[in-house]
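S.K.: There's a structure below that I have some questions on.
Values in this text are rule-based calculations from the coordinates and carry no lab data. Model, not experiment: these values are computed from the prediction. When we count neighbours, we look across all protein chains shown, and the Cβ atoms used for this are built from the backbone with ideal geometry, even at glycine.
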4 protein chains.
Amino acid sequence: MSMESLQTRFFELRSNRFFELFVVSVILFSALVIGAKTYDIPENVLTAISWLDTGITLFFLVEITIRFIGEPDKKHFFKNPWNLFDTLIVVVSLIPIQDSEMALVGRLIRIFRVLRMVSIVPELRLLLNSLIKALPQLGYVILLMFIIFYIYAAIGASFFANINESLWGDISIAMLTLFRVMTFEDWTDVMYETMAVYPFSWLFYLTFIFLTTFAFLNMVIGIVVNVMENEHAQEEKEKALAEGQLTIEDLSNQIEELKALIEEKHRDK
Amino acid sequence: MSMESLQTRFFELRSNRFFELFVVSVILFSALVIGAKTYDIPENVLTAISWLDTGITLFFLVEITIRFIGEPDKKHFFKNPWNLFDTLIVVVSLIPIQDSEMALVGRLIRIFRVLRMVSIVPELRLLLNSLIKALPQLGYVILLMFIIFYIYAAIGASFFANINESLWGDISIAMLTLFRVMTFEDWTDVMYETMAVYPFSWLFYLTFIFLTTFAFLNMVIGIVVNVMENEHAQEEKEKALAEGQLTIEDLSNQIEELKALIEEKHRDK
Amino acid sequence: MSMESLQTRFFELRSNRFFELFVVSVILFSALVIGAKTYDIPENVLTAISWLDTGITLFFLVEITIRFIGEPDKKHFFKNPWNLFDTLIVVVSLIPIQDSEMALVGRLIRIFRVLRMVSIVPELRLLLNSLIKALPQLGYVILLMFIIFYIYAAIGASFFANINESLWGDISIAMLTLFRVMTFEDWTDVMYETMAVYPFSWLFYLTFIFLTTFAFLNMVIGIVVNVMENEHAQEEKEKALAEGQLTIEDLSNQIEELKALIEEKHRDK
Amino acid sequence: MSMESLQTRFFELRSNRFFELFVVSVILFSALVIGAKTYDIPENVLTAISWLDTGITLFFLVEITIRFIGEPDKKHFFKNPWNLFDTLIVVVSLIPIQDSEMALVGRLIRIFRVLRMVSIVPELRLLLNSLIKALPQLGYVILLMFIIFYIYAAIGASFFANINESLWGDISIAMLTLFRVMTFEDWTDVMYETMAVYPFSWLFYLTFIFLTTFAFLNMVIGIVVNVMENEHAQEEKEKALAEGQLTIEDLSNQIEELKALIEEKHRDK
């Protein structure tokens, strides 16, 4: 059998609805296996699971190979980040692991196989892409928020380090504490502690809460407005298409034609 | 009296405003009885309440029967899920219960009778329907959120199970703990505990919070945009109707008529 | 001096910018007095404050009288709920109070005098009116939310009363506990306690949180859409006015006139 | 070298991309130095850091001088609040500090140097300006919220001061406690404490939560609607420009011209 006909056959297989469903089922099954491992299970079941694991790894290897061979343009295959992600997950899980340190990494890799669900189901891929696309637009808001965090953490670490070392010990711990304050998690305990030494430190917390809440709101509204605008633009386009693109311009042209007609009729006489 | 005339009479009764109000009153009263039972009440009042309960059950039986007989198309009756729900509630509460295990179920059924309020008041039915309709549209966001939860729970159960069995013992407990982290409920206590063993585990919590908050926001914005669009489309339709549907097309036709008129007038000469 | 001229003069006084500013200052001062009373203050200052209090009461009495006499249409005066509120506050604070029980009520009345700020400043009155107007529209969502609360409270009080009397003792306490769960305030403590007896009670809490969050979201979106629509409608109206109300209809009429003109011109010949 | 040519040269330098990048790097480096100081560091590194600090201060002094000389219109320089802020930060950090009390202020000034990031990067400056611009519009909502806080704090301080001095001692402490209740931080602990004395005090907390949540929502919606409208208005403007501003008015004028043409043609005959 020639290489070309193999490619065509695998391309068909890969686009096959049942093949897709089967791959999704294997991914779901591998997720269940991962979940099962977190329960207390007898030794022989554990052995069975490790065999299942190897089976899933091999199946994924075969599947990726089919996808690769089925791809008409080989260069295109690795330009798709999802294909790269799939290949990486499969290749890494092939490496035999003995070391207990690496065993943890091996486990992590097996867990991330669940993410292949996103790379297979087009709707999920679309959703994640739109989430990722929204991020850079908000880049400056996130930068501003980071500056606010950094300044408040520097102030906190300078003034409150002696009060509670585990909350304000250094700037990184202080930033974690501030994130906690931002989520309102026992923030009054943190505040009352420092207010015992600096009675006006409530100003520190209240201004921080106001600033971050305001910046966060701004971020959310930014996303809303952006999504709305895109939806609106698309709607307008569809509407124009549906109406046969009859616009005010068309009317204007019609009137112009009418004018020309009258001119012509009167010239003829 | 013929069956037909009975049906007509019951149909009228069922559509009667006072009958509706009376049914709503009985439902409200049954809700009050359910509430009263949760207080410490003397034995004789309890007996009175149990008689009232039987009375309400019988009244609901009569009411459902009236509705059924009053329905012109009997098949249509059971196609309405609210009618099915009403019938189920009434039929199940007719079963005499002795067993203490079943007594709890009986109590639950009596509580769900309050939900009949929703099946009677059209505005509430409309509201609940719109809530239920919004759900499938968000299906993929919910699926993505579940995948995020599953992956983080698998990681949490793999690494933190030895630290706190009651929070990270298996994958289902870990998912409950993650839901708790998502609601910011004492999440720092959970984090500080694991940070004592894995100092970088704050990354686990912070990325989880960012991902779920972002996905949740996306879900909310999805609902908002959807509701807005529906409202907008309906508004446009109403506006078009109110204006006698005078559109750019109508204008275009008018101009075309004018053209024809001029052509005709000049041909006549 | 005739009654009429007095009315005119007081009407002018009442509309005077400086009089308004002075009344606002007195209200602010009365707010400061109320605040001052909450601090530990020496006896003689307390006496001075009680004299100030009487002074403020008398001033408000005079001010209300001026407003009433200044009103051209006396019946109109009491149709305004803000005037009723102002009069009530002033009249009640005139009643001399000896009894310690009533002293608390007297204090409350004095505190509510700060609300006169809202009745004086037009922008605040407008804002509060718009908040109050938004409420009835959301009536059915609030009713649905109350039904959800009632059903869950009835279930909670039936099943969990033996576990924790102070949280689930009767239906009203259970509703307060559920409100606490809705605000995520130590809700896991409440859940873990009942999960020890009923291991599946997490379903109770999670479904409750989902339902109330969803209903709350719906409420918020309802307000947003409503506000947006009103803004949009007003904008359209203003735009139409600014454009001299030139609409598609106007164009249609213009074309009709043109038609008539052509018809007429050709008939003349 | 003449003063003018120096100004031109410095103006060019100041607009130079590399100069900007270098200034941003120095600010980032100064932020890192501030962060490093919060860690436990050996004495000699501390000395090095204090030298670095002086270096950064001198660099900023030179930079501000360049900006000032480079400015064509000197008066314009101090009209820009960001320039004022930059100059203030630099001048204050020049003052030698010995006193330990003042040392804290000196540290604060050094931390605020990170804010120079905002004054340098135009996008961040724009973002902060838009945040500041949004505030006054919400002025009345914030005033209303303050009145709600004040009234509830006065009631709380009057009735609950004897129950818990540290939460309701005076009106300012009571306002802080109410802010805590608004963020749902352990608010039930505060409530249960007062409910032991006043069983109906849950009404106090629930009405407060409803009022503030409602007012906050209103504030958020106010920002959203405002941002949306601005975006919409700008969009409309751009659209009009893109379409060559062909509006219904233009059409109307065209029809009027047509009318005039017909009138003229028939008059000619």
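S.K.: Per-residue mean of other chain beta-carbon atoms within 10 angstrom of the beta-carbon, peptide B:128-136?
M.R.: For this peptide, the per-residue mean of nearby foreign Cβ atoms is 2.
S.K.: Once the label point is set 7 Å along the Cα-to-beta-carbon vector, what list of distances in nm do you get between B:Glu20 and its counterparts in the other copies?
M.R.: So the distances to the same position in the other copies read 4.7, 4.7, 6.6 nm.
S.K.: Mind listing the label-point distances from C:Glu256 to the same position on all other copies, shortest first, one decimal in nm, points 7 Å along Cα→Cβ?
M.R.: Label point to label point, same position, other copies: 2.0, 2.0, 2.8 nm.
S.K.: At A:Ser5, with labels set 7 Å past Cα in the Cβ direction, how many nm apart are the copies from this one, shortest first?
M.R.: In ascending order, 8.4, 8.4, 11.8 nm.
S.K.: Run the dipole for the protein assembly as shown about the Cα centre, Lys and Arg Cβ at +1, Asp and Glu Cβ at -1, nothing else charged, and hand back the magnitude in debye, nearest 20. Don't jump to the answer; show the numbers that get you there.
M.R.: Details: 84 positive and 128 negative charges, 12 e Å.
Using only the charged Cβ atoms, the result is roughly 60 debye.
S.K.: Regarding chain C, what is the average projected area of its C-alpha convex hull, in nm²?
M.R.: Averaging across all directions leaves 29.8 nm² for the Cα convex hull.
S.K.: Among C:Ser25, C:Ser201, rank each residue by its count of other Cβ atoms within 10 Å, from fewest to most, as a rough exposure measure.
M.R.: In increasing order of surrounding Cβ atoms, one gets C:Ser25, C:Ser201.
S.K.: Which is the longest run of chain A containing none of the chymotrypsin sites (Phe, Trp or Tyr not before Pro) found in DSSP loop states (not H, G, I, E, B) with at most 14 other C-beta atoms within 10 Å?
M.R.: Counting at most 14 other Cβ atoms within 10 Å as exposed, the longest clean stretch of chain A is A:40-199.
S.K.: What 222 nm value per residue comes from the helices of the protein assembly as shown, counting each DSSP H run with n ≥ 4 as -39,500 (n - 2.57) and dividing by all residues, nearest 500 deg cm²/dmol?
M.R.: Per the formula, -28000 deg cm²/dmol.
S.K.: Under 10 Å, Cα contacts only: if you run a Gaussian network model on chain D, which one of D:Val90, D:Val190, D:Val114 comes out with the highest mean-square fluctuation?
M.R.: Of D:Val90, D:Val190, D:Val114, the Gaussian network model singles out D:Val190 as fluctuating most.
S.K.: Counting other beta carbons within 10 Å of each Cβ, put B:Asp170, D:Asp86 in order, fewest first.
M.R.: Numbers: B:Asp170 17, D:Asp86 21.
In increasing order of surrounding Cβ atoms, one gets B:Asp170, D:Asp86.
S.K.: At a 10 Å Cβ-Cβ cut-off, how would you order D:Thr213, B:Thr212, B:Thr177, fewest neighbours first?
M.R.: D:Thr213, B:Thr212, B:Thr177
S.K.: Picking from B:Glu71, B:Glu256, B:Glu165, which is most flexible by a Gaussian network model of chain B using Cα springs under 10 Å?
M.R.: B:Glu256
S.K.: Kyte-Doolittle cut-off 0.5, length cut-off 27 Å along the helix's own axis using Cα: show which whole DSSP H helices in chain A pass.
M.R.: Values: long enough: A:17-37 (30 Å, 1.81); A:43-70 (40 Å, 1.16); A:139-160 (30 Å, 2.15); A:202-242 (59 Å, 0.66); A:248-268 (30 Å, -1.00).
Length and hydropathy pass: A:17-37, A:43-70, A:139-160, A:202-242.
S.K.: Separate question: Taking a ≥ b ≥ c as the square roots of the Cα gyration tensor eigenvalues, with a/c under 1.5 meaning rounded and otherwise prolate when a/b beats b/c, else oblate, which class fits the range C:3-119? Present the calculation step by step, with values, prior to reporting the outcome.
M.R.: Numbers: a/c = 2.42, a/b = 1.85, b/c = 1.31.
It is prolate, given that a/c is not under 1.5 and a/b is the larger ratio.
S.K.: Given axes a ≥ b ≥ c from the Cα gyration tensor, I'd like to know whether the protein assembly as shown is rounded (a/c under 1.5), prolate (a/b larger than b/c) or oblate.
M.R.: Cα axes put the protein assembly as shown in the rounded bin.
S.K.: Rounding to the nearest 20 debye, state how big the charge dipole of the range C:126-259 is about its Cα centre with +1 on each Lys and Arg Cβ and -1 on each Asp and Glu Cβ. Could the numbers behind the result be given before it?
M.R.: Numbers: 5 positive and 16 negative charges, 97 e Å.
My answer is approximately 460 debye.
S.K.: Give me the distance between the Cα centres of the range D:1-41 and the range D:114-184, rounded to whole Å.
M.R.: Each part reduced to its Cα centre gives a spacing of 36 Å.
S.K.: Further, regarding this structure: Which of the pairs A:Lys37/A:Lys74; A:Lys237/B:Lys133; A:Lys133/D:Lys133; B:Lys259/D:Lys237; A:Lys237/C:Lys237 have their Cα atoms more than 31 Å apart in this structure?
M.R.: Table pairs above 31 Å Cα-Cα are A:Lys37/A:Lys74; B:Lys259/D:Lys237.
S.K.: A follow-up question, please. Given a Förster distance of 25 angstrom, what is the FRET efficiency for C:Val91 paired with D:Val197, based on the Cβ-Cβ distance and rounded to 0.05?
M.R.: On the way: r = 30 Å, r/R0 = 1.21.
E between C:Val91 and D:Val197, to the nearest 0.05, is 0.25.
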